[in-house]
Amino acid sequence: MTRLELFIARMTSQRACIDYAVGLTAGMAGPVYELGLGNGRTFDHIRAKVTDRDIFVFERAVASNPASTPSEDQLVLGDVVDTLPMMLARDGATVSFAHADLGGHNLEKNDAFARLISPLIEVMIAPGGVMVSSDKMYFDALEQIELPEGAMDGRAFIYRKLL
């Protein structure tokens, strides 16, 4: 595949998985976490799909398109290694749906970062909650589930916390 085709596959997979996760978690009361804002495209998509839950966006520094920038009360600024435990202490294990697209072009670095943050995320997800990631994650209490139609293996991963 060309780099353009891989980008399109990643974006298509991301949308299919986010939409699927929104459906799987419909009716859950806990907040939605967007880990990494970037340009704000996935945040914009999530806020259009999730209107009944709080959405919190974790980012070191905001550099998103103004049309897809979260409000101040939705932003959790800082390194996720610090801010995830802070939010856990504040809200407990209540997250209904989390999405992470934190990786870059270095696959080894992405994997090391996924191993670092997996335990931080795992404890925040409520029973029945879902995690969508662009990278393979390392969880004990969440099981990897089958991707929805339209998602490509290796371009997205979905995990669900057992009830």
Where a ≥ b ≥ c are root eigenvalues of the Cα gyration tensor, a/c under 1.5 meaning rounded, otherwise prolate if a/b exceeds b/c and oblate otherwise, segment 3-161 counts as rounded
Looking at segment 3-161, what % of its DSSP beta bridges pair antiparallel, to the nearest 5?
30 percent
Lys and Arg at +1, Asp and Glu at -1: neighbours of Val32 with Cβ under 11 Å from its Cβ sum to 0
When Val50, Val62, Val32 are arranged by how many other beta-carbons sit within 10 Å of their Cβ, fewest first, they go Val62, Val50, Val32
Least to most buried among Leu4, Leu24, Leu102, by other C-beta atoms within 10 Å and fewest first, runs Leu4, Leu102, Leu24
Suppose R0 equals 45 Å. What FRET efficiency, 1/(1 + (r/R0)^6) with r the Cβ-Cβ distance, do Met1 and Asp140 give to the nearest 0.05?
0.85
Measuring from centroid to centroid over Cα atoms, what is the spacing of segment 80-136 and segment 9-46 in Å?
13 Å
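Jot down the per residue volume, in cubic angstrom and as a whole number, of the convex hull over the alpha-carbon atoms of segment 1-51.
Hull volume over Cα atoms, normalised by residue count, gives 80 Å³.
Each value in this text was obtained by applying a stated rule to the coordinates, not by laboratory testing. Here the structure is a predicted model, which is why all the values come from computation and not from measurement. Here the Cβ is made from the backbone with ideal geometry for all residues, glycine too, and neighbour counts use every protein chain on show.
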